[in-house]
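See structure below.
The values are calculated or read from the model by the stated rules, or taken from the named source; none is laboratory data. Source: prediction; values computed, not measured. Because the Cβ atoms are built from the backbone with ideal geometry, glycine has one as well, and the counts that use them run over all protein chains shown.
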Amino acid sequence: MLYHRDQQRVERLREFFPDGMTPTGAGLRFVISHPQVTSAIVRFGELAHVDEAISRLEEGPLPDDLAEQLITIHNRGGANR
């Protein structure tokens, strides 16, 4: 049940991602965008997942405006609706 709830939240946030950005990429880049976030729990089921994570992290932090927009949406409970 939590999985489905979380999937719905991701789909609501996806509309704010630039073309080509995946939820995984946004999440990883969000972590390195904020010094308050000190770790991420990431599951790698395949070697391709490791390659994907490395590629996304090499892109650097999220653009400030996107990171702030996602925080605002989260704080307003927008991803919960």
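A compact table of results
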{"item": "Residue count, region 11-60 (criterion: more than 15 Å from H74 (Cβ to Cβ) and over 11 Å from the mean Cα position of the chain (by Cα))", "result": "25"}
{"item": "In region 1-18, the residues that are of a type in the set (D, E, K, R) and more than 22 Å from H49 (Cβ to Cβ)", "result": "R5, R12, E15"}
{"item": "Test: residue in region 67-76 that is more than 14 Å from the chain's Cα centre (by Cα), outside any loop (DSSP other than H, G, I, E, B), at pLDDT 90 or above and of a type in the set (A, V, I, L, M, F, W, C)", "result": "no"}
{"item": "Set R5, R9: member being modelled with pLDDT under 85, basic (K, R), outside any loop (DSSP other than H, G, I, E, B) and surrounded by fewer than 13 Cβ atoms within 10 Å (Cβ to Cβ)", "result": "R5"}
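Residue-wise test of (1) exposed (fewer than 11 other Cβ atoms within 10 Å of the Cβ); (2) closer than 12 Å to T24 by Cβ.
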position: V37; (1), (2): yes, no
position: V42; (1), (2): no, yes
position: H49; (1), (2): no, yes
position: A53; (1), (2): no, yes
position: R56; (1), (2): no, yes
position: L66; (1), (2): no, no
position: L70; (1), (2): no, no
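Quick grid of which residues meet (1) closer than 18 Å to D6 by Cα; (2) in contact with a helix residue (DSSP H, G or I) (Cβ under 7 Å, 6 or more places away or on another chain):
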position: F30; (1), (2): yes, yes
position: E46; (1), (2): no, no
position: D51; (1), (2): no, no
position: L62; (1), (2): no, yes
position: D65; (1), (2): no, no
